[in-house]
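Every read-out reported here was derived from the displayed coordinates using simple, explicitly stated rules and does not represent laboratory data. Because the structure is predicted, anything quoted here is derived from the model rather than measured. Methodologically, a virtual Cβ is constructed for each residue, glycine included, from the backbone with ideal geometry; neighbour enumeration extends over all protein chains shown.
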């Protein structure tokens, strides 16, 4: 792994124990210029992970707790009349930062959730017909409680598709749980130090964007994509945006490991996180107890690298 990126992982590992793989994949999504959805039960460190990542890379981050009464204007801003200036002026919303932490996104209204669609796709907001660009780099890290938890609702497909990856953190191992207990009295995020500047992060982003991916790797990704559309157990297969997302993540993971080009293992390392929220099972597959992760695994076993 590149030394500077390894330092970021090490800093975050000080407060998130035993989740190195999750941390690397979140870092990969940021390098790929994408957004991250962390789905899990409360109390596993999703918010802490996002805040530690922002601190380690000197990113300006804003956190918003999403509740049913949060308004779109809280996110994107609003215009108001300034009587002293005898004119309207724009007040920026919470998304004007480098890393926007949307905590418990699926607890707010659909109208408020939709305010993030343009933000996530275009890195800009439009208020009263005027468009305002967001700072670079810009990443949304959203957390959500599992669907069915009290006060939650499902995110629409159009919103899910805008997240580059969807991750679950899971419970810590026995060893990691002991470390968490022993350090529970310490001042968590205070231990995280900035080790990567914003300018350096932008340079890494450019490297990830242009990292070599051969024709055979791209054909491999397309073959995997097409197989999701052919499988009768899948009602909604992976779109071209999903193929692009997988290539972007594979390039970022290759950069993190210090590679000069993408290999099939880079694709396989992130295919579950990149596609799990983009695939929808048929009713019969759900009735039979099939899982999206299981089907993705089957597809990667059927389709070999070119």
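With each pseudo-label sitting 7 Å past Cα toward Cβ, what's the residue 189-residue 109 distance in nm, one decimal?
Result for the modelled spin labels: 2.9 nm.
Mind giving me the nanometre distance, one decimal, between the label points for residue 131 and residue 7, set 7 Å out from Cα along Cα→Cβ?
With each label placed 7 Å out from Cα toward Cβ, I get 3.7 nm.
May I ask you to order 126-139, 247-260 by the average number of other C-beta atoms within 10 Å around their residues, highest value first?
In descending order of packing, they fall as 247-260, 126-139.
Run the numbers on region 3-174 and let me know its relative contact order in percent, using alpha-carbon pairs under 8 Å that are six or more apart.
Here the relative contact order equals 31 percent.
Hey, any idea what Rg/Rh is for the chain, computing Rh the Kirkwood way over Cα pairs?
Taking Rg over the Kirkwood Rh, I get 0.98.
Connecting C-alpha atoms closer than 10 Å in a GNM of the chain, tell me which of 30, 180, 165 has the biggest fluctuation.
Per the Cα network of the chain with a 10 Å cutoff, 180 tops the list.
Quote the FRET efficiency, to the nearest 0.05, computed for residue 293 versus residue 181 with a Förster distance R0 of 22 Å and r equal to the Cβ-Cβ distance.
Between residue 293 and residue 181 the formula returns 0.15.
Say R0 is 25 Å: what FRET efficiency, to the nearest 0.05, do residue 90 and residue 236 get from their beta-carbon distance?
After rounding to 0.05, the efficiency reads 0.05.
Over all directions, average the projected area of the Cα convex hull of region 1-151 and note it in nm².
Its Cα hull, projected and averaged over all orientations, spans 10.3 nm².
Expected output is a single nm value to one decimal: the length gained when fully extending between residue 261 and residue 207, i.e. 0.36 nm times separation in residues minus the C-alpha distance. What is it?
Length difference between fully extended and current span is 18.4 nm.
Taking the 0 to 90 degree range and rounding to the nearest ten, how far is the long axis of helix 264-275 tilted relative to the main principal axis of the chain, both from C-alpha atoms?
50 degrees
Just order 223-233, 96-106 by mean Cβ neighbour count inside 10 Å, highest at the front, would you?
Going by the mean number of other Cβ atoms within 10 Å, highest first, we get 96-106, 223-233.
Between region 70-143 and region 181-242, what is the separation of their alpha carbon centroids in Å?
Answer, in whole Å: 25.
Where does helix 20-31 land angle-wise versus the long Cα axis of the chain, in degrees 0 to 90, nearest 10?
The helix 20-31 is inclined about 60 degrees to the chain.
Using the alpha-carbon atoms, what tilt in degrees (0 to 90, nearest 10) does helix 292-302 show relative to the longest principal axis of the chain?
40 degrees
Please compute the contact order of region 1-71 in relative form: average sequence separation of alpha-carbon pairs under 8 Å and at least six residues apart, divided by the residue count, as a percent.
34 percent
What percent do you get for the relative contact order of the chain when only Cα pairs under 8 Å and 6+ apart count?
23 percent
So how much slack lies between residue 157 and residue 60, counting 0.36 nm per residue of separation and subtracting their Cα-Cα distance, in nm?
That works out to 32.0 nm of additional length.
Take every DSSP beta bridge whose two residues both sit in the chain, then give the antiparallel share in percent to the nearest 5.
Taking every DSSP beta bridge with both residues in the chain, the antiparallel ones total about 40 percent.
At 222 nm, what value in deg cm²/dmol follows for the chain if DSSP H runs of at least 4 each add -39500 (n - 2.57) and the sum is divided by all its residues, to the nearest 500?
Calculated mean residue ellipticity at 222 nm is -13500 deg cm²/dmol.
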